[in-house]
Amino acid sequence: MTEYRHFIGGDWVQAGDGATYEDRNPYTGEVLATVAAGSREDARRAVEAAQAAFPAWSQTAPAERQRIFLAAADILERRSDEVVGLLASETGCCIYGFGMFQMGFVPGLLRQAAALAYSPIGQVLPSDLPGTMAMGLRRPVGVVGAIFPWNAALILSARGIAAPLALGNTVVAKPSEESPFVGGLLWAEIFAEAGLPDGVLNIVTHAPGGAAPIGEELVEHPAVRRLNFTGSTATGRKLAEAAGRNLKRVVLELGGHNPLLVLDDADLDYAVDASAFGAYLHQGQICMSARRLVVDRKVADEYLERLAAKTAGLAVGDPATPGTIIGPLITTQALETVAGRVAEAVAGGARVLAGGERVGNCYQATLVADVPPDSELARVETFGPVAMVEVVDGADEAVARANATDYGLAAGILTGDPDRGMALADRLQAGIVHVNDQPVGDEPQMPFGGVKDSGWGRFGGQAAVDEFTELKWVTVQSGTRPFPF
Ligand code: NAD
């Protein structure tokens, strides 16, 4: 049986009290490994290791940081078949879909981070005091706490670790209990092989239900100067409240209830393919998944007929089998939530146009119309392969419907007229809008993040420099200056 331990100060260590839990395959239920079930005390040890490693790492030449990141990208690519397999077995990710997508994305993210080592460029500032040289210097902040979800385990763990490290910070990372290896400990192996010094990256795992004490330590320990959190809005809100009490800055990348607008001039063949991809990739377990298909009445009948046929044809089953589009949901509880919300909507008058059934640990790709506005499906993010249709009269109503949510992560607008799309993009309350594309997409250099209850702060490119460095005003007097007394 494989055993995964914490990675603290360069050592693979058991939980302080020796506790473990079982990491399971969400499709087969098979136990993949036993994992260290960490406690607050383990998190404290990890913070202390990161704190001790910070002075040397923050002074390491950018060329050396860059070398390590380029080496890490090569090592990941060398291990790509193994990693894609692990994404399927640990997180239920279809190998020939979201698994390969993640594997294609992350080497680029690491190489982008390699360039970040040279990005904290300062400023020389005009001063009104004669003989004063004034500068704005960008310096690493110290220890960064990083908390990830399981759903895009490889991308999101890499994203939470890479920019902070490349910018000269040290990191304590906490993966999800559902993806301790491929969304966490894998990076300890890869970066250790790439030559990252001991203590610069530390990873603490925990059993289901054990996240809160580790989160509390990261928020409250004075050495942790910044946090980044990717996960649900409910958890992010709790973390932000605690971070506020401790006056800590935190990047929050939270849930979405993302609209895809299908306007009356959209190409319907393209709209059907884009909608199915946006709604059902990775069983709809993506923060950017298209959950609300807002379609103009003039094209609604034809669009829905074609989309329902496509949805009904998406193969459900083993994520490791070629041709599977819909694999398992991550846990039985997630399956119950999805099935329960569809049932509640149907009891309130919703119509199921395709899908709507469980298949083992999977839930069919599902298309629903006439969802009651007060149902949970209509109001909150439902992390599964369920898309709801809203039929509207014209673009103004489409924008109003799209914005009628507490969330604001990603959106798409399908129209035959890109200028019309640009004008509407300006009116959508979302951190990310794609014209003539569906909402799911990312590139490492883009400013990724949401508005409203989808969070604040941005990963990606220059945005990450702002998040994970401190801007420091430093002056030097060339001589003496006069004082009034
Ligand atoms: P989650 O909020 O349940 O868990 C996310 C992480 O928070 C996990 O590591 C979990 O162990 C940890 N956690 C749970 N309780 C905690 C606590 N009290 N203190 C500290 N940490 C705690 O979310 P999930 O189910 O793992 O992931 C799915 C959610 O993440 C969805 O809402 C999805 O939209 C969102 N998400 C957002 C983005 C984005 O970039 N905006 C990306 C992916 C996923």
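Values in this text are rule-based calculations from the coordinates and carry no lab data. Computed from a predicted structure; not experimentally measured. Cβ sites come from the backbone with ideal geometry, for glycine too, and all protein chains shown count toward neighbours.
Structural remarks
- For segment 282-310, a tally of residues being of a type outside the set (A, V, I, L, M), within 16 Å of the ligand (Cβ to nearest atom) and under 24 Å from GLY323 (Cα atoms) returns 7.
- Index of the failed condition, GLY184 passing every other in (1) touching a residue at least 40 places away in the same chain (Cβ under 8 Å); (2) closer than 27 Å to ALA242 by Cα: (1)
- Test for ILE203: is it under 19 Å from the mean Cα position of the chain (by Cα), more than 8 Å from the ligand (Cβ to nearest atom) and within 21 Å of VAL35 (Cα to Cα): yes
- Qualifying positions in segment 449-474 - among the hydrophobic types (A, V, I, L, M, F, W, C), more than 24 Å from TYR407 (Cβ to Cβ) and surrounded by 19 or more Cβ atoms within 10 Å (Cβ to Cβ): PHE468
- Number of residues in segment 448-485 that are over 24 Å from VAL224 (Cβ atoms), touching a helix residue (DSSP H, G or I) at 6+ places or on another chain (Cβ under 6 Å) and more than 12 Å from the ligand (Cβ to nearest atom): the value is 0.
- Given (1) in a helix (DSSP H, G or I); (2) more than 19 Å from PRO149 (Cβ to Cβ), number of the condition ALA43 does not satisfy: (2)
- Selection within segment 159-192 - closer than 24 Å to ARG67 by Cα, within 13 Å of the ligand (Cβ to nearest atom) and out of contact with any Pro (no Cβ under 9 Å at 6 or more places or on another chain): GLY160, VAL172, ALA173
- Residue match in segment 245-255 (condition: under 30 Å from ALA309 (Cβ atoms) and not acidic (Asp, Glu)): yes
- When residues of segment 6-37 are limited to those that are closer than 15 Å to GLY209 by Cβ and acidic (Asp, Glu), the one surrounded by the most Cβ atoms within 10 Å (Cβ to Cβ): ASP23
- Test result for ALA339, of a type in the set (Gly, Ala, Ser) and surrounded by 23 or more Cβ atoms within 10 Å (Cβ to Cβ): no
- Considering residues of segment 221-272 that are near the ligand (Cβ under 9 Å from one of its atoms) and among the polar types (S, T, N, Q) only, the residue surrounded by the most Cβ atoms within 10 Å (Cβ to Cβ): THR230
- Any hit, segment 336-354, residues being closer than 27 Å to GLY416 by Cβ and either of a type in the set (Val, Ile, Thr) or in contact with a Lys or Arg (Cβ under 6 Å, 6 or more places away or on another chain) (or both): no
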